[in-house]
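Visitor: Below is one structure. I have some questions about it.
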Amino acid sequence: MSGGDMAKPLLGHGGMEGDPSITPAAGRTIGVLGSGDFARSLAIRLVCSGFKVVVGSRNPKRKAGLFPSAAEVTFQAEAVKKTDVIFVAVFREHYSTLCDLADVLAGKILVDVSNNTEINHHKESNAEYLASLFPACTVVKGFNVVSAWTLQSGARDGNKQVLICSNNQEAKRTVAEIAQVMGFTPVDMGCMSSACEIENIPLRLLPAWKIPILLALGLFLCFFTYNLVRQVIHPYIREQKNKFYKIPVEVVNTTLPCVAYVMLSLVYLPGVLAACSQLYYGTKYRRFPDWLDQWLQHRKQIGLLSFFCAALHAVYSLCLPMRRSHRYQLIETAVKQAVEKKMNIWVEEEVWRMEIYISVGIIALGLLSLLAITSLPSIANSLNWREFSFVQSTLGFIALVISTLHTLTYGWSRAFDENQYKFYLPPTYTLTLLVPCTVILAKVIFNLPCIHQRLLRIRRGWEKGRYVKFVLPSATGEYSSGETSSNV
């Protein structure tokens, strides 16, 4: 990694969360205790940001080659004497090895960058433990959510945050100043009691994805089992035909669109339930139930998983003709037609059904791709609220409608064919239509003028049983005001 690239902070030198009182600190001397990967990356970034760096090591001659030449590598005691701000880049279990430096460390600012291996592994946070060992020092928790790779490459995304907490406001400001010069965004998380939460953040594995993933897996297992019974178990029991070869591709490919379609409808169903709640209670100030609130917060993840399943379905569908079993079936069909001397097997209805089915499916996948792309922070940040709402709400609902057409053209008239009811079970696609059609019907009802106007008034602050002044757009585009109550 070239020093020239790293020496260019990508963020301006504003203060902590825009605090103008924080001033640049480049040029001051910073100490680093430790010689591991994080300490080395930290030293490189500090040097390239214009700081003088002194690294304290128990074996400086052996470790000097790991650090940039501009950094001074010396014994720990010597490094501590030369600076007032020291990054403690050692593991918690090695804090006790620094106790011999207690007198030299007195009055210094110690920045604890450590993490644990498990969430809430200790009763107290690492930073609080360090503060208890060195009561004469001021301890600041920070930089633990930044990886060694990010330190070396710099905050290239321009949005990398450094969470900071301490009981000393001045010490926090000093560390925040250093973080800004390095090209990061400092975020004040409050007093030292927040250190435990900050240390837990890097240990969480996709916290916002747990419920959506479990939901997707649950739907997949349900639909997979249902399709397995219809496509494999039924012919094996009733006709003694071995069709277990369908499990890896055909059964999975039949299951994926079901999951994608239902998951897409589940993105918009909580909005419908929220609107029903507001209409029923006549206010927007009543809290939603916790389960609905959580559902609303996970809509982005549910939508992305819907797109993932739809994309897999497209790939599986493209690979269907490549299977050996498909080739055997084509040859078998051709032989039967030759034996029966059928010269024309063209079925106009089936041809049109498949053409419409594939075309509508491609459009639906394209819209889902657009929804997935605009949900990425880098893209979403370039859109204003109206643009983002139009894509995610309007185009998302259009994608749901087109997906419904895709499903209907796939099923066509097979819902009325008694041969399609295996073990008296209806075709899978009929089950997938229940939730999406409910959402579409509810959306249509909510757009009726009488209901739409009432819902709009509620979302503008009108409450049932109270006189509230409201402003609504008229048919000419102008705004008119008035007063209303539950009796209007």
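The values are calculated or read from the model by the stated rules, or taken from the named source; none is laboratory data. Note that the structure is predicted; figures quoted are calculated from it, not measured. Note: ideal-geometry Cβ built from the backbone for every residue, glycine included; neighbour counts use all protein chains shown. The protein model used for the area step is the full one, side chains on, heavy atoms only, and it has no ligands, DNA or RNA in it. Shrake-Rupley method; radii C 1.70, N 1.55, O 1.52, S 1.80 Å.
Visitor: Kindly list the number of the only condition in (1) open to solvent by 30 Å² or more (accessible area, probe 1.4 Å); (2) in contact (Cβ under 8 Å) with a residue 60 or more places away in the chain; (3) in contact with an Asp or Glu (Cβ under 9 Å, 6 or more places away or on another chain) that fails for Thr283.
Guide: (1)
Visitor: When residues of the stretch 196-210 are filtered for being among the aliphatic types (A, V, I, L, M), open to solvent by 60 Å² or more (accessible area, probe 1.4 Å) and part of a helix (DSSP H, G or I), how many remain?
Guide: The number of residues fulfilling the criteria is 1.
Visitor: Under 9 Å by Cβ, and 6 or more places apart or on different chains, what pairs join a residue from the stretch 196-219 that is in contact (Cβ under 8 Å) with a residue 60 or more places away in the chain and farther than 14 Å from Ile119 by Cα with one that is aliphatic (A, V, I, L, M) and surrounded by fewer than 17 Cβ atoms within 10 Å (Cβ to Cβ)?
Guide: Close Cβ pairs (under 9 Å, with a partner that is aliphatic (A, V, I, L, M) and surrounded by fewer than 17 Cβ atoms within 10 Å (Cβ to Cβ)) amount to Ile213/Leu206.
Visitor: What tally of residues in the stretch 347-385 results from selecting those that are under 17 Å from Leu408 (Cβ atoms), open to solvent by 80 Å² or more (accessible area, probe 1.4 Å) and of a type outside the set (D, E, K, R)?
Guide: 4
Visitor: Restricting the first residue to the stretch 153-166 and requiring it to be within 23 Å of Ala127 (Cβ to Cβ), which pairs with a second residue that is modelled with pLDDT under 55 and not in a strand (DSSP E or B) meet a Cβ separation below 7 Å and a spacing of at least six or different chains?
Guide: Ala155/Leu10; Ala155/Leu11
Visitor: For the stretch 313-343, which residues satisfy the criterion of being in a helix (DSSP H, G or I), open to solvent by less than 60 Å² (accessible area, probe 1.4 Å) and touching a residue at least 24 places away in the same chain (Cβ under 8 Å)?
Guide: Residues of the stretch 313-343 that are in a helix (DSSP H, G or I), as a first pass: 313-322, 324-339.
Add one more test, that the residue is open to solvent by less than 60 Å² (accessible area, probe 1.4 Å), and what stays is 313-314, 317, 319-320, 325-326, 334, 337.
Answer for the stretch 313-343, where residues must be in a helix (DSSP H, G or I), open to solvent by less than 60 Å² (accessible area, probe 1.4 Å) and touching a residue at least 24 places away in the same chain (Cβ under 8 Å): His313, Ala314, Ser317, Cys319, Leu320, Ser325.
Visitor: Within the stretch 63-93, which residues are over 24 Å from Ile164 (Cα atoms) and in a strand (DSSP E or B)?
Guide: Glu72, Val73, Thr74, Phe75
Visitor: Looking at this structure, is Lys63 touching a residue at least 12 places away in the same chain (Cβ under 8 Å) and in the same structural domain as Ser194 (by the TED database)?
Guide: On the way: touching a residue at least 12 places away in the same chain (Cβ under 8 Å): yes; in the same structural domain as Ser194 (by the TED database): yes.
For Lys63, the condition - touching a residue at least 12 places away in the same chain (Cβ under 8 Å) and in the same structural domain as Ser194 (by the TED database) - is met.
Visitor: What are the residues in the stretch 286-299 that are outside any loop (DSSP other than H, G, I, E, B) and surrounded by fewer than 18 Cβ atoms within 10 Å (Cβ to Cβ), if any? Reasoning before the result, please.
Guide: Pass one, the stretch 286-299, residues outside any loop (DSSP other than H, G, I, E, B): 290-297, 299.
Listed by number, the residues that qualify are Asp290, Trp291, Leu292, Asp293, Gln294, Leu296, Gln297.
Visitor: Just checking, how many residues over the stretch 406-445 are open to solvent by 30 Å² or more (accessible area, probe 1.4 Å) and in contact (Cβ under 8 Å) with a residue 40 or more places away in the chain? I'd like the intermediate steps shown before the answer.
Guide: So the first thing to find is which residues in the stretch 406-445 are open to solvent by 30 Å² or more (accessible area, probe 1.4 Å), and the list is 406, 408, 410, 412-414, 416-426, 430-431, 434-435, 437-438, 440-441, 443-445.
From what's left, in contact (Cβ under 8 Å) with a residue 40 or more places away in the chain: 406, 410, 412, 422-423, 425, 431, 435, 438, 440, 443.
Qualifying residue count, the stretch 406-445: 11.
Visitor: Working only within the stretch 211-236, note down all residues that are open to solvent by 90 Å² or more (accessible area, probe 1.4 Å) and aliphatic (A, V, I, L, M).
Guide: Selection gives Ile211, Leu214, Leu217, Leu221.
Visitor: Are any residues in the stretch 70-103 under 15 Å from Val32 (Cβ atoms) and open to solvent by 40 Å² or more (accessible area, probe 1.4 Å), and if so, which ones?
Guide: Once the filter is applied, which keeps residues that are under 15 Å from Val32 (Cβ atoms) and open to solvent by 40 Å² or more (accessible area, probe 1.4 Å), the stretch 70-103 yields Ala70, Glu72, Phe75, Glu78, Lys81, Lys82, Asp84, Phe91, His94.
Visitor: So, one more: Evaluate the stretch 264-279: report whether one residue or more is farther than 29 Å from Arg460 by Cβ, open to solvent by less than 50 Å² (accessible area, probe 1.4 Å), part of a helix (DSSP H, G or I) and in the same structural domain as Gln294 (by the TED database). Working first, answer last.
Guide: So in the stretch 264-279, the residues farther than 29 Å from Arg460 by Cβ come out as 264.
Among the residues that remain, those that are also open to solvent by less than 50 Å² (accessible area, probe 1.4 Å) are: 264.
After this cut, where a residue has to be part of a helix (DSSP H, G or I) as well, the list is 264.
Next, from what is left, pick out any that are in the same structural domain as Gln294 (by the TED database): 264.
Looking for residues that are farther than 29 Å from Arg460 by Cβ, open to solvent by less than 50 Å² (accessible area, probe 1.4 Å), part of a helix (DSSP H, G or I) and in the same structural domain as Gln294 (by the TED database), one finds at least one in the stretch 264-279, hence yes.
Visitor: In addition: Restrict the check to the stretch 115-135 and report whether at least one residue is open to solvent by less than 10 Å² (accessible area, probe 1.4 Å), in the same structural domain as Leu33 (by the TED database), touching a residue at least 12 places away in the same chain (Cβ under 8 Å) and at positive phi. Can you show your working first?
Guide: First, the residues of the stretch 115-135 that are open to solvent by less than 10 Å² (accessible area, probe 1.4 Å): 125-127, 130, 134.
Then keep just the ones that are in the same structural domain as Leu33 (by the TED database); that gives 125-127, 130, 134.
Going one step further and asking which of them are touching a residue at least 12 places away in the same chain (Cβ under 8 Å), we end up with 125-127, 130, 134.
Filter once more, so that each one left must be at positive phi: none.
Looking through the stretch 115-135, none of the residues is open to solvent by less than 10 Å² (accessible area, probe 1.4 Å), in the same structural domain as Leu33 (by the TED database), touching a residue at least 12 places away in the same chain (Cβ under 8 Å) and at positive phi.
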